[in-house]
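Report on the structure given below.
The values are calculated or read from the model by the stated rules, or taken from the named source; none is laboratory data. From a predicted model like this one, the values you see are computed outputs, not experimental measurements. Note: ideal-geometry Cβ built from the backbone for every residue, glycine included; neighbour counts use all protein chains shown. Remember, those area values only see protein heavy atoms, side chains included, never the ligands or the DNA or RNA. Shrake-Rupley method; radii C 1.70, N 1.55, O 1.52, S 1.80 Å.
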Amino acid sequence: MTIDISQFKKALKNASPNQAPTGSSYRSTCVFLLLFEPANPHLLAIQKSDSEGYPWRNQVALPGGHADENDDSPLDTAFRELEEELGIPQDQIDVIGTTGHFQTINLVDIQVFAGLWNGKGPIQFDKNEIARVLKIPLKKLFRTHITSNFHGCDPDMAHLIYPYMDVEIWGATARILHHFI
């Protein structure tokens, strides 16, 4: 399996991204769905730290975070958060586009930007916020998607789970992956 950049861009351009929710009750968050290693594509994800009282404790997520009033755009938020969380600068990312908006039960609106990371430079993160970085083979995610009969349907959230190593990807991150795949 290789990432065909032109096909990936074409598919994203022709896709119908999920729209932002109406009203202002949602807090805006922006994340990156980053792919790397085009010859053997992987997804870059993080596992949140195991901190008592942290609402996203131990969950697998995409790198990103909440918008600040100083951010000029949602994409600026995604880039700022990516560098803050993992030390990955903007010049290492080829932005493909957005896959749209996804909402959580905690009234957070997540705008997802898809991109290709060149894989250069060390990843650096704060262990108080992030337990580890996960480099997940797309083959594994696609295999789960197919064997779990997720393709072409909208699975119940209780069943929409992508296991990887010793963790399970569920919730909003699983919905984002399901939409992407």
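Below is a table of values for the structure above.
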item: Test: residue in the range 40-57 that is of a type in the set (Gly, Ala, Ser), more than 21 Å from residue 135 (Cα to Cα) and in contact with a Pro (Cβ under 8 Å, 6 or more places away or on another chain); result: no
item: Qualifying residue in the range 155-170 (condition: open to solvent by 60 Å² or more (accessible area, probe 1.4 Å), part of a helix (DSSP H, G or I) and free of Cβ contacts under 8 Å to residues at least 60 places away in the same chain); result: no
item: Any chance residue 177 is open to solvent by less than 40 Å² (accessible area, probe 1.4 Å) and either of a type in the set (Ser, Thr, Tyr) or part of a helix (DSSP H, G or I) (or both); result: yes
item: Qualifying residue in the range 77-94 (condition: under 22 Å from residue 174 (Cβ atoms) and in contact with a His (Cβ under 6 Å, 6 or more places away or on another chain)); result: no
item: Search result, residues across the range 123-145 that are open to solvent by 40 Å² or more (accessible area, probe 1.4 Å), more than 17 Å from residue 80 (Cα to Cα) and touching a residue at least 24 places away in the same chain (Cβ under 8 Å); result: 127, 128, 131, 132, 135, 139, 140, 142
item: Number of the exception - residue 172 against (1) under 21 Å from residue 51 (Cβ atoms); (2) modelled with pLDDT under 95; (3) more than 12 Å from the chain's Cα centre (by Cα); (4) among the small types (Gly, Ala, Ser); result: (3)
